[in-house]
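First the structure, in the form of structure tokens, and then the observations on it.
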Amino acid sequence: MSTTKRIYGIYADDDDLMHAVKMCNENGIKIHEVYTPFPVHGLDKALGLRKTRLSDAAFIYAVYGVLVGSLLTWYTMNHDWPMNIGGKPAFTWAENMPAFVVPMFELMVFCAAHMMSLTFLVRNKMYPMAPPQNPDPRTTDDKFLMEFVSEDVDTIKQILIDTGVEEITVKEA
């Protein structure tokens, strides 16, 4: 009776890591996760990851910022306390809109940047008091780690050894 195990392979070089990912793909071995100290060019495509939707969220947050800016400028300059500033009478918001472009732009950038950062942190479970997800702290410094969840430990170990792994750790899943 075989049980599911977590297999960790630690690499010292990103080229060795990429070679190992390609070898695993060729042999049909599913990689659960890869931890790196810096972005590795082409790793996302080699792992078959989908395009992130963070840019779509940023666009929605930017539109929200523009709407908030539009409502804020209309309310403050035309509805709540209309004033004649610099010879610009408060007729309608649309007639005075060119004067409001800067605050609307600033609110657009503010909302997109802050809400996108919060979305990233929540989506990746990196909010305060979240349990750490990194199985080896060396991957934040100079090591690369591949994580597998499988029953076929011997095959994965052999592929890791063939690709120049530095260290292999096997744990219960």
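The values are calculated or read from the model by the stated rules, or taken from the named source; none is laboratory data. As the structure is a computational prediction, the values presented were derived from the model and not from experiment. Neighbour counts are summed over all protein chains in view; Cβ atoms, including those assigned to glycine, are modelled from backbone coordinates with ideal geometry. Areas reflect the complete protein model, heavy atoms only, side chains present, ligands, DNA and RNA absent. Shrake-Rupley method; radii C 1.70, N 1.55, O 1.52, S 1.80 Å.
Scanning the range 69-102 for residues that are under 30 Å from Leu121 (Cβ atoms), open to solvent by 50 Å² or more (accessible area, probe 1.4 Å) and out of contact with any Pro (no Cβ under 9 Å at 6 or more places or on another chain) turns up Leu71, Val102. Show the residue pairs meeting these rules: Cβ distance below 6 Å; 6+ apart or different chains; first residue within the range 20-40 and in contact (Cβ under 8 Å) with a residue 60 or more places away in the chain; second residue open to solvent by less than 70 Å² (accessible area, probe 1.4 Å) and among the small types (Gly, Ala, Ser). Filtered contacts from the range 20-40: Val21/Ala46.
Residues that are small (Gly, Ala, Ser) and within 19 Å of the chain's Cα centre (by Cα) were ranked within the range 111-165; the one that is surrounded by the most Cβ atoms within 10 Å (Cβ to Cβ) is Ala112. Scan the range 157-173 and tell me whether some residue there is touching a residue at least 40 places away in the same chain (Cβ under 8 Å) and touching a Cys at 6+ places or on another chain (Cβ under 7 Å). Yes: the range 157-173 contains one or more residues that are touching a residue at least 40 places away in the same chain (Cβ under 8 Å) and touching a Cys at 6+ places or on another chain (Cβ under 7 Å).
Residue-level analysis places Gly28 among those that are loosely packed, with under 12 Cβ neighbours inside 10 Å, at pLDDT 90 or above and small (Gly, Ala, Ser).
Within the range 129-141, is there a residue that is in contact with a helix residue (DSSP H, G or I) (Cβ under 8 Å, 6 or more places away or on another chain) and modelled with pLDDT under 90? Looking for residues that are in contact with a helix residue (DSSP H, G or I) (Cβ under 8 Å, 6 or more places away or on another chain) and modelled with pLDDT under 90, one finds at least one in the range 129-141, hence yes.
Checked against the criterion of being under 30 Å from Val170 (Cβ atoms), without any contact (Cβ under 8 Å) to a residue 60 or more places away in the chain and not assigned by TED's automatic domain parsing to the domain that holds Leu107, the range 4-14 has no qualifying residue.
Determine the pairs where a residue that is in contact (Cβ under 8 Å) with a residue 40 or more places away in the chain, located within the range 109-135, has a partner that is of a type outside the set (Val, Ile, Thr) and in a loop (DSSP other than H, G, I, E, B) with Cβ atoms under 9 Å apart, the partner being 6 or more residues away or on another chain. As it stands, the answer is Phe120/Met126, since those pairs meet every condition given.
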